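Visitor: Provided herewith is a single structure, encoded as structure tokens, for subsequent inquiry.
The values are calculated or read from the model by the stated rules, or taken from the named source; none is laboratory data. Being a predicted model, the structure only gives us computed values, none of them experimental. Cβ sites come from the backbone with ideal geometry, for glycine too, and all protein chains shown count toward neighbours. Ligands, DNA and RNA are stripped out before the accessible areas are found, and what is left, the full protein with its side chains, is counted by its heavy atoms. Shrake-Rupley method; radii C 1.70, N 1.55, O 1.52, S 1.80 Å.
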Amino acid sequence: MKQLKKPEVLAPAGTLEKLKTAVIYGADAVFIGGEAYGLRSRAGNFGYDEIDEGVQFAHERGAKVYITANMVTHEGDEEGADRFFQKLYELGVDAVIVSDPALIAICAEAAPNLPIHLSTQASAANYETLNFWAEEGLERVVLAREVSMAEIMEMQQHVDVEIEAFIHGAMCISYSGRCVLSNHMERRDANRGGCCQSCRWKYGLFDMDFDGNRNFISHGEKDPDWEPFSMSSVDMSMIHHIPDLIEAGVDSLKIEGRMKSIHYVSTVCNVYRAAVDAYCADPEHYVLKQEWVDELWKAAQRELASGFYYGIPSENEQLFGQRRRIPGYAFVGQVLGYDPETQMATIQQRNNFKVGDIIEFYGPGMRHFEQVLSQMWDEDGNEIEVARHAMMTVRFKVNHPVQVNDMIRKEKPEIKVKTRPRQRVASRL
């Protein structure tokens, strides 16, 4: 049997809780942000104490921690970076993810034993670029999202550097994230951590004549309040193409979403862990399980496509008007404890749920079961009908054993999506 190199499953972790969740649910590595030099200023970025705790937690379980330092530096932004990289090395961080050559040079000098990975922000899209950065001492290149599967296979014939590629999560409307919409509209620099995701807003589309008159462009819908014009792309999902990624020799499969919930992180890690393990264990008899695809749709996300891997995305990979499919589950709780003698589980509430609901438990290794919630008690022992208070602790009997950090979700009632456009104008002359 052909020996395959098993790729790393790399998960996002915007907070310490998400880091621990990702590792528990099967991630081989996580990427997090420090309090400076990254591109997610609104994520729950890590201070040194949290980095220390996160690194220890991951290393004890055989996982790695990478720190993003992928901002585009303007004059003065690089101040203190030498001490930052030195501290990360002292804390045992496994690598930093960088795009700016200035920060790369500072890191190489200040912390020469700290591995550097090239960020996707650097738009690496050909093997000559990969070889250039390998000669500069970088161990890994995170490919531009615009690279195709055929191009990856071509790269592998010419390079001796690790390749990391995105497999799931949001796609930027701009080439490799090089966008200034946020700067223009909100004075928040997208390439220095301030992106306000202007491309995700809803816009009215107008034809503006030379006299300054704005003529609304009709989209032919009967509902005048519904305006479909948008620049927002669908999300990426490569769950159908895990064999291609592994056969192409991709070293690390990267999941996007440092600002997503622990429900998202746990669900997506669970699925890709199962798929990668299954293919590497027996590629000849590998079958994509429908339950993996269905599971991904239980986490909050946009519609899904394969990005640029198999061709240039068309208008079908853009979000215009009403979405064709909506995730149908809500994350409602997390297991804090379980008593096998009484079969009582202690639950931390994360969203409203009540007696009579059909709830689904899931845990690492794709463990699942459903049950009807028949009785419930609060932490003082009072019987209650509804867990309505955020983060409250409740107890109830479960039909099967559960484990600490198992999650609970419930199916949401079917809803029709309808939104009014944001008060922004896109014009054409």
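Visitor: Which ones in the stretch 85-104 are closer than 21 Å to Glu164 by Cβ and part of a helix (DSSP H, G or I)?
Guide: Phe85, Leu88, Tyr89, Pro101, Leu103, Ile104
Visitor: Against the condition open to solvent by 20 Å² or more (accessible area, probe 1.4 Å) and among the hydrophobic types (A, V, I, L, M, F, W, C), how does Ala124 come out, does it pass?
Guide: So Ala124 does not fit the description; no.
Visitor: Which residue out of Tyr37, Tyr25, Tyr89 is of a type in the set (Ser, Thr, Tyr) and open to solvent by 60 Å² or more (accessible area, probe 1.4 Å)?
Guide: Tyr89
Visitor: Here is a follow-up. For the stretch 370-388, how many residues are closer than 19 Å to Tyr329 by Cα, touching a strand residue (DSSP E or B) at 6+ places or on another chain (Cβ under 7 Å) and open to solvent by 30 Å² or more (accessible area, probe 1.4 Å)?
Guide: 3
Visitor: Let me ask another. If only one of Met185, Met171, Met208, Met153 is surrounded by 15 or more Cβ atoms within 10 Å (Cβ to Cβ) and more than 22 Å from Glu78 (Cβ to Cβ), which one is it?
Guide: Met171
One line per residue, one yes/no per condition, for (1) surrounded by fewer than 15 Cβ atoms within 10 Å (Cβ to Cβ); (2) assigned to a loop (DSSP other than H, G, I, E, B); (3) over 25 Å from the mean Cα position of the chain (by Cα):
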| site | (1), (2), (3) |
| --- | --- |
| Asp49 | yes, no, no |
| Glu53 | no, no, no |
| Gln56 | yes, no, no |
| Thr68 | no, no, no |
| Glu79 | yes, yes, yes |
| Arg83 | yes, no, yes |
| Ala108 | no, no, yes |
| Ala134 | no, no, yes |
| Leu138 | no, yes, no |
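Visitor: Starting from the stretch 272-286, keep only residues that are under 10 Å from Val9 (Cα atoms) and in contact (Cβ under 8 Å) with a residue 40 or more places away in the chain, then list their pairs with residues that are open to solvent by 50 Å² or more (accessible area, probe 1.4 Å) and not in a helix (DSSP H, G or I) whose Cβ atoms are within a distance under 7 Å, requiring at least 6 positions of separation or different chains.
Guide: From residues that are under 10 Å from Val9 (Cα atoms) and in contact (Cβ under 8 Å) with a residue 40 or more places away in the chain, the pairs are Val276/Lys6.
Visitor: I would also like to ask the following. Take the conditions closer than 23 Å to Phe361 by Cα, touching a residue at least 60 places away in the same chain (Cβ under 8 Å) and open to solvent by less than 20 Å² (accessible area, probe 1.4 Å) and apply them to Val250. Does it pass?
Guide: The answer is no for Val250.
Visitor: Those residues that are modelled with pLDDT of 95 or more and open to solvent by 90 Å² or more (accessible area, probe 1.4 Å), I need them from the stretch 401-429; list them, please.
Guide: Of everything in the stretch 401-429, those that are modelled with pLDDT of 95 or more and open to solvent by 90 Å² or more (accessible area, probe 1.4 Å) turn out to be Pro401, Gln403.
Visitor: When you look at Glu164, is it open to solvent by 10 Å² or more (accessible area, probe 1.4 Å) and modelled with pLDDT of 95 or more, yes or no?
Guide: No.
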